[in-house]
Amino acid sequence: MTLTVRVVSPDKIVWDAPADEVVLPSTTGQLGILSGHAPMLTALDTGVMRVRSSKGENWQAIALLGGFAEVEEDEVTILVNGAERGDAIKLEDARAAYNQAQTTLNQVPPGDRQAQIQANQAFKRARARFQAAGGLV
């Protein structure tokens with residue numbers, strides 16, 4: 001049996017296809033979903049979702065920018081604030097954004113809590129995009 005996987009962002013459907021396996025970046029760690037998984041609702045962190053299609057192809061990476069996932073009767077519905085398929089991200093652009101975000105994060109003054117939060121969020125987004133593009137393993 002296969003899973004029906006749908007990734008929906010506010011402006012588009014990023015993925016809508018059957019799959020054999022899904023790995024999600026939940027707020028409590030990586031979460032693997034196979035056919036027959038128990039019903040569940042979980043919060044998602046900014047990170048990389050991996051999908052292995054039912055055609056036996058390689059894994060597809062999708063950068064997720066936080067949201068929720070629901071699993072019920074072999075259907076996985078993922079509602080996210082933003083998402084981008086790894087094969088649509090230019091590796092060099094993602095690498096440059098990752099390096100810039102890392103530099104910015106390292107330069108935030110220790111007492112500036114607001115700037116630390118913003119820099120950390122930007123870093124997590126850049127890291128997810130870079131990983132999805134194949135830059136980090």
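The values are calculated or read from the model by the stated rules, or taken from the named source; none is laboratory data. This structure is a prediction, so every number in the text was calculated from the model and none was measured. Don't worry about glycine lacking a Cβ; one is built from the backbone with ideal geometry, like all the others, and counts go over all protein chains shown. Remember, those area values only see protein heavy atoms, side chains included, never the ligands or the DNA or RNA. Shrake-Rupley method; radii C 1.70, N 1.55, O 1.52, S 1.80 Å.
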Inset, instruction - Show me 130-136, 119-125, 102-108 ranked by packing, highest mean number of other Cβ atoms within 10 Å first. - result: 130-136, 119-125, 102-108
Legend entry - Under 23 Å from the Cα of Lys12 - lysines, other chains or at least 8 residues apart: Lys90, Lys124
Inset, instruction - Take every Cα pair under 8 Å in region 1-45 that's 6+ residues apart, average their separations, divide by the length, and report that relative contact order as a whole percent. - result: 31 percent
Legend entry - Protein accessible area in the chain, 1.4 Å probe - carbon and sulfur %: 48 percent
Inset, instruction - Tally the DSSP beta bridges in the chain and give the antiparallel ones as a percent, rounded to 5. - result: 90 percent
Legend entry - Surface accessible to a 1.4 Å probe, per residue, for the residues of the chain, Å²: 57 Å²
Legend entry - From phi via Karplus (6.51, -1.76, 1.60), per-residue ³J(HN,Hα) for region 116-122 in Hz, x at Gly/Pro: 5, 5, 5, 5, 5, 5, 5
Legend entry - Two-site FRET efficiency, Ala17 against Leu136, from Cβ-Cβ distance with R₀ of 25 Å, rounded to 0.05: 0.50
Inset, instruction - At 0.36 nm per residue, minus the direct Cα-Cα distance, what do Asn99 and Ile117 gain on full extension? Give it in nm, one decimal, please. - result: 4.7 nm
Legend entry - Rough spin-label spacing in nm, given labels placed 7 Å along Cα→Cβ, for Met40 and Asn106: 3.6 nm
